[in-house]
Structure formats: C-alpha cells, structure tokens
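Asker: Structure provided below as structure tokens; questions to follow.
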Amino acid sequence: MPTYARADVVFERGEGPYLYATDGRRFLDFAAGVAVNALGHAHPHLIKALTEQANKLWHTSNLFRVAGQESLATRLTQATFADTVFFTNSGAEAWECGAKLVRKYHYENGNPHKNRIITFEQAFHGRTLGAISAAKQEKLIKGFAPLLDGFDLVPFGDLDAVRNAITEETGGICIEPIQGEGGIRVASVEFLCALRELCDQHGLLLFLDEIQSGMGRTGKLFAHEWAGITPDVMAVAKGIGGGFPLGACLATEKAASGMTAGTHGSTYGGNPLATAVGNAVLDVVLEPGFLDGVQRISDVFQGRLRDLAGQFPAVFKEVRGQGLLLGLVCGPTNGDVVAKARANGLLTVPAGDNVVRVLPPLTITEAHVEEAIGILAQTAREFA
C-alpha cells in the first residue's frame, strides 16, 4: 500500500553508524531506524545472540514458558521501577497494553467509572485506533472516525490544564517525557514531578510512553530518571530490540494487579528470537560506563549543534532535546532539510513543529559527530 512517502534509496548493508546503498553510496545514519538501531548496524554481540538462538528455537507461543522472556523481564525489573513485564512486538502494542492496564486497575478496585486517560497535544503513541484516539492529531485521525472515547487532551506542559481536566472519571495521565514525533519537546523536571504528585493525590496511574526516549537514548536507561520520579506503567520499544521487533509494557505489581490469565495476550510477543536480542541489547547498555559515555558524547554533539545553529540561524533556528534524542527547528521546510542532508550523505528524520530529528546510534564517537556537523553545515550553505 502507498502509505509511505519513501525516499528513493535501497540499503543493502550496514556497519556501525553507516548504511550502504545498492548504488554504492555510503550514508551516516543519524536516523537509526527512527531511534531503533540504538547500537548501530551489525553489532557483533547482537548478531551472535540472534544467530545462536536462530539455530536452536524460533517460536513456541506464549502457551509455554519462554526462558528468554523470564531472564529479560527479570533484568528489566531489576533495572527499573517495575515489578512485572508484558512483551509485545511493537511500541503501539506496548502502549495499548498500558492503556488497558490503567482501565483494568480501576475496574478491579471497584471504580469502573475511572476509565479516562489525560493525554497531551502533539503526542504520538502509535497508529492503532486506540493510540490515534489518544493523540487526536488531525494527520493521524482524518478518515478513521469514529474514534475511541476515553481520552482527554490538554496542552503539553500546562499543569493548570491537567488539573482542570481531572474528574471523577479520570484513571490516569499518559505522557511522553520527550515528545519525539511531536517535535522533540522536552517535559520539564518540574512538570513531570507535578504530574507524579497529582496522580498520587487523586489516586491515578502515571503512564509514561518511553518508546522513543528509553533504552539509554537520553543518557539514562529511561528519560524519567532525570526527574527522579517513577511511573506506575511504562511503554517501551524501539531501542529495546536494537533493530529486532520487540516492545514491552512495564508496570508495578499494584498497577498490574488486574492483568490476570486471559485478560491480555500476544501470539508473537517476546518470542525466543526477540528476547535473545533484547537480552543482548541490555548486556551492552547496562555495561558499566556505557550510559556515561552516551552523556559525554551527547554533550559534545549538542554543543556542536548549537554552534552550527549560531552560524546558520536562518536554517537552524533552535536545538532541542536531551541526550541523543535531538531536534533542529528549521527555517526552511524540514522535509527539504532532510532531503538535502540525505543527498549529502546524512540520514535524519522529520518531526512536528518543522523539526528535523537527529537520532544517532548510542555508540557514535566524536569523529562521527564532526562528520555529521560537516554535512549539516554543507546543507545549510546550500540553503543560504
């Protein structure tokens, strides 16, 4: 189906932060499969884990215990706020699980009327009917009515609007700590802390969408850690599989108390191949010093991007983001900037607010940063 405006390039192999096209061109990949290839391409540890598992067992379904799931879930719960994990194939499925969990929690606690979730303008949670109903962006919902009821939209970062939206029917608040598709808009530490307090005050569940901001992308395992808070529920995907389709819904035992046998399921979710790669990703990301390295290189990169914006203010008006989840607010149309940068050998991703997302692998070096800055400077000169 023609649902994608695909660039006219076919990649045949990748190595680290580089992709190689069938016509021989090499690209510096600072799109990373939209923040998925967290460890770059053809990472040897991931290849080893996948091929070893592929030679043993691919799929059994969730009718049986899956050893890789159990080990990955144990490691995720040990490294986070969570007590329990449900594995999925994608971020949208992880988010749907979280939305169902919020409703089920209140139903089982004698409050079936508390079935509404407060969401935020310019949010993006996926393309399912539930996810687009929660976000309500015109480009997502046009032609797909009727939408699912149960979501109350408020402006991002507006605490008074959140307070005013809370009613007797509110069951939770769902937010991306950093809106990716929405334009790399970062929720302040103060705002996230206030949401946690509101949830505690009103008996609501705080539901974080860390599909794009998680798995080390900001220099901590998950972005909410910068605020010193913990959610009740969290959707994770993208980087968790390093390129292999994998997602997860993490939750506290209390929040997930209503999710009992038969209440939810997935045929493929968390199969042996996916969880083998997921465990391999964690091996690398949780290695002592790895996240410190992400923070160091992100500080360098952000500084160089700000220098670039100062040099070409008509092209790059603002630098946004945290860690290696970065955005450039553009003067020209962001699609044109993405296309010119690609023609010059750098892959990036468009986003809302006329932003170009810059999402390199977490394994980049200063040499890769300088190469990217050089290409962006060349691109800016072409616009000038």
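Asker: Here are VAL319, VAL285: which of them is surrounded by fewer than 24 Cβ atoms within 10 Å (Cβ to Cβ), closer than 26 Å to VAL189 by Cα, aliphatic (A, V, I, L, M) and touching a strand residue (DSSP E or B) at 6+ places or on another chain (Cβ under 9 Å)? I'd like the intermediate steps shown before the answer.
Answerer: On the way: VAL285 fails: touching a strand residue (DSSP E or B) at 6+ places or on another chain (Cβ under 9 Å).
When all the criteria are applied, what remains is VAL319.
Asker: Separate question: For the stretch 212-237, which positions are among the basic types (Lys, Arg) and in contact with a strand residue (DSSP E or B) (Cβ under 8 Å, 6 or more places away or on another chain)?
Answerer: As a first pass, look at the stretch 212-237 and keep what is among the basic types (Lys, Arg): 217, 220.
Across the stretch 212-237, the qualifying residue is only ARG217.
Asker: I need the full set of residues from the stretch 16-66 which are farther than 20 Å from GLY91 by Cα, of a type in the set (Gly, Ala, Ser), touching a residue at least 40 places away in the same chain (Cβ under 8 Å) and out of contact with any strand residue (DSSP E or B) (no Cβ under 9 Å at 6 or more places or on another chain), in order please.
Answerer: Answer for the stretch 16-66, where residues must be farther than 20 Å from GLY91 by Cα, of a type in the set (Gly, Ala, Ser), touching a residue at least 40 places away in the same chain (Cβ under 8 Å) and out of contact with any strand residue (DSSP E or B) (no Cβ under 9 Å at 6 or more places or on another chain): ALA49, ALA54.
Asker: Also, I was wondering about something else. What do you reckon, is VAL369 assigned to a helix (DSSP H, G or I), buried (at least 24 other Cβ atoms within 10 Å of the Cβ) and not hydroxyl-bearing (Ser, Thr, Tyr)? Break it down stepwise before answering.
Answerer: Values: assigned to a helix (DSSP H, G or I): yes; buried (at least 24 other Cβ atoms within 10 Å of the Cβ): no; not hydroxyl-bearing (Ser, Thr, Tyr): yes.
Judged against the criteria, VAL369 is not a match.
Asker: Could you look through the stretch 167-200, keep only residues that are of a type in the set (D, E, K, R) and touching a strand residue (DSSP E or B) at 6+ places or on another chain (Cβ under 7 Å), and pick out the one that is surrounded by the most Cβ atoms within 10 Å (Cβ to Cβ)? Break it down stepwise before answering.
Answerer: Narrowing the stretch 167-200 to residues of a type in the set (D, E, K, R): 168-169, 176, 181, 185, 190, 196-197, 200.
Narrowing the set further to residues that are touching a strand residue (DSSP E or B) at 6+ places or on another chain (Cβ under 7 Å) leaves 169, 176, 181, 185, 196.
Working: GLU169: 13, GLU176: 26, GLU181: 23, ARG185: 22, ARG196: 20.
Per the criteria, the residue is GLU176.
Asker: Would you confirm, using the coordinates I've provided, whether ALA123 is without any contact (Cβ under 8 Å) to a residue 60 or more places away in the chain and either buried (at least 23 other Cβ atoms within 10 Å of the Cβ) or closer than 19 Å to LEU205 by Cβ (or both)? Quick ask: steps written out before the conclusion?
Answerer: Details: without any contact (Cβ under 8 Å) to a residue 60 or more places away in the chain: no; either buried (at least 23 other Cβ atoms within 10 Å of the Cβ) or closer than 19 Å to LEU205 by Cβ (or both): yes.
Answer is no for this residue.
Asker: Residue under question is VAL85, and the condition is that it be part of a strand (DSSP E or B) and either within 30 Å of VAL162 (Cα to Cα) or within 18 Å of the chain's Cα centre (by Cα) (or both); does it hold? Can you show your working first?
Answerer: Values: part of a strand (DSSP E or B): yes; either within 30 Å of VAL162 (Cα to Cα) or within 18 Å of the chain's Cα centre (by Cα) (or both): yes.
Against the criterion (part of a strand (DSSP E or B) and either within 30 Å of VAL162 (Cα to Cα) or within 18 Å of the chain's Cα centre (by Cα) (or both)), VAL85 qualifies.
Asker: Can I ask one more? Have a look at ALA94, ALA161 and point out the one that is farther than 21 Å from GLU253 by Cβ, in the same structural domain as GLY265 (by TED's automatic domain parsing) and in a helix (DSSP H, G or I). It would help to see each step written out before you state the result.
Answerer: Numbers: ALA94 fails: farther than 21 Å from GLU253 by Cβ.
Matching residue, one of ALA94, ALA161: ALA161.
Asker: Within the stretch 316-352, can you find the residues that are among the aliphatic types (A, V, I, L, M) and more than 25 Å from TYR18 (Cβ to Cβ)? Walk me through it before giving the result.
Answerer: Applying the first criterion (among the aliphatic types (A, V, I, L, M)) to the stretch 316-352 yields 319, 324-326, 328-329, 337-339, 341, 343, 346-347, 349, 351.
The one that is among the aliphatic types (A, V, I, L, M) and more than 25 Å from TYR18 (Cβ to Cβ): VAL329.
Asker: If you don't mind, another one. When residues of the stretch 294-303 are filtered for being surrounded by fewer than 19 Cβ atoms within 10 Å (Cβ to Cβ) and touching a residue at least 60 places away in the same chain (Cβ under 8 Å), how many remain? Don't jump to the end; show me each part of the working.
Answerer: Narrowing the stretch 294-303 to residues surrounded by fewer than 19 Cβ atoms within 10 Å (Cβ to Cβ): 295-296, 299-300, 303.
Then keep just the ones that are touching a residue at least 60 places away in the same chain (Cβ under 8 Å); that gives 295, 300.
Residues meeting the conditions: 2.
Asker: If you go through the stretch 75-87 one residue at a time, do you hit one that is crowded, with 20+ Cβ neighbours inside 10 Å and more than 21 Å from VAL236 (Cα to Cα)?
Answerer: no
Results for (1) closer than 19 Å to PRO17 by Cα; (2) touching a helix residue (DSSP H, G or I) at 6+ places or on another chain (Cβ under 6 Å); (3) of a type in the set (Ser, Thr, Tyr), shown as yes or no for each residue.
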residue	(1), (2), (3)
ALA31	yes, no, no
ILE47	yes, no, no
ALA54	no, no, no
THR60	no, no, yes
ARG65	no, no, no
LEU72	no, yes, no
GLN78	no, no, no
PHE81	no, no, no
PHE86	no, yes, no
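Asker: Can you tell me how many residues in the stretch 223-253 are assigned to a strand (DSSP E or B), more than 12 Å from the chain's Cα centre (by Cα) and small (Gly, Ala, Ser)?
Answerer: So in the stretch 223-253, the residues assigned to a strand (DSSP E or B) come out as 233-236, 247-251.
When the remaining residues are screened for being more than 12 Å from the chain's Cα centre (by Cα), the result is 233, 249-251.
Add one more test, that the residue is small (Gly, Ala, Ser), and what stays is 251.
Adding up the residues that qualify gives 1.
Asker: Same structure, new question: If I ask for residues that are surrounded by 19 or more Cβ atoms within 10 Å (Cβ to Cβ) and in contact with a Ser or Thr (Cβ under 7 Å, 6 or more places away or on another chain), which ones from the stretch 329-357 would you list?
Answerer: If the condition is that a residue be surrounded by 19 or more Cβ atoms within 10 Å (Cβ to Cβ) and in contact with a Ser or Thr (Cβ under 7 Å, 6 or more places away or on another chain), then VAL337, VAL338, LYS340, ALA341, VAL356, ARG357 are the ones that fit.
Asker: Here are some residues: ILE184, ILE173, ILE166. Which one is under 26 Å from LEU286 (Cβ atoms) and of a type outside the set (Asp, Glu)?
Answerer: Values: ILE173 fails: under 26 Å from LEU286 (Cβ atoms); ILE166 fails: under 26 Å from LEU286 (Cβ atoms).
That would be ILE184, the only listed residue that is under 26 Å from LEU286 (Cβ atoms) and of a type outside the set (Asp, Glu).
Asker: A further question follows. Can you pull out every residue in the stretch 179-203 that is among the polar types (S, T, N, Q) and closer than 30 Å to PRO112 by Cβ? Explain how you work it out, then say what you get.
Answerer: So the first thing to find is which residues in the stretch 179-203 are among the polar types (S, T, N, Q), and the list is 179, 188, 201.
Within the stretch 179-203, GLN201 is the sole residue that qualifies.
Asker: Find the residue count for the stretch 98-155, including only residues that are in a helix (DSSP H, G or I), among the small types (Gly, Ala, Ser) and touching a strand residue (DSSP E or B) at 6+ places or on another chain (Cβ under 9 Å).
Answerer: So in the stretch 98-155, the residues in a helix (DSSP H, G or I) come out as 98-108, 129-135, 138-141.
Applying the additional criterion that residues be among the small types (Gly, Ala, Ser) yields 98-99, 130-131, 133-135.
Cutting the leftovers down to touching a strand residue (DSSP E or B) at 6+ places or on another chain (Cβ under 9 Å) gives us 98-99, 130, 133-135.
Residues flagged as in a helix (DSSP H, G or I), among the small types (Gly, Ala, Ser) and touching a strand residue (DSSP E or B) at 6+ places or on another chain (Cβ under 9 Å) within the stretch 98-155 amount to 6.
Asker: Checking the condition at pLDDT 95 or above, within 19 Å of the chain's Cα centre (by Cα) and either of a type in the set (Phe, Trp, Tyr) or more than 18 Å from HIS41 (Cα to Cα) (or both), which residue from GLY278, GLY269 passes? Talk me through it step by step, then tell me what you get.
Answerer: Working: GLY278 fails: either of a type in the set (Phe, Trp, Tyr) or more than 18 Å from HIS41 (Cα to Cα) (or both).
Only one candidate passes the filter, namely GLY269.
Asker: Oh, and also: Just a yes or no: is a residue in the stretch 73-85 in contact (Cβ under 8 Å) with a residue 24 or more places away in the chain, in the same structural domain as THR230 (by TED's automatic domain parsing), under 23 Å from LEU325 (Cα atoms) and β-branched (Val, Ile, Thr)?
Answerer: Within the stretch 73-85, one or more residues are in contact (Cβ under 8 Å) with a residue 24 or more places away in the chain, in the same structural domain as THR230 (by TED's automatic domain parsing), under 23 Å from LEU325 (Cα atoms) and β-branched (Val, Ile, Thr).
Asker: Tally the residues that are touching a Gly at 6+ places or on another chain (Cβ under 6 Å), aliphatic (A, V, I, L, M) and under 16 Å from GLU96 (Cα atoms), restricting the search to the stretch 229-281.
Answerer: So the count comes out to 5.
The values are calculated or read from the model by the stated rules, or taken from the named source; none is laboratory data. Everything quoted here is computed from the prediction, not taken from an experiment. Quick reminder, even Gly has a Cβ in these numbers, built from the backbone with ideal geometry, and neighbours come from all protein chains shown.
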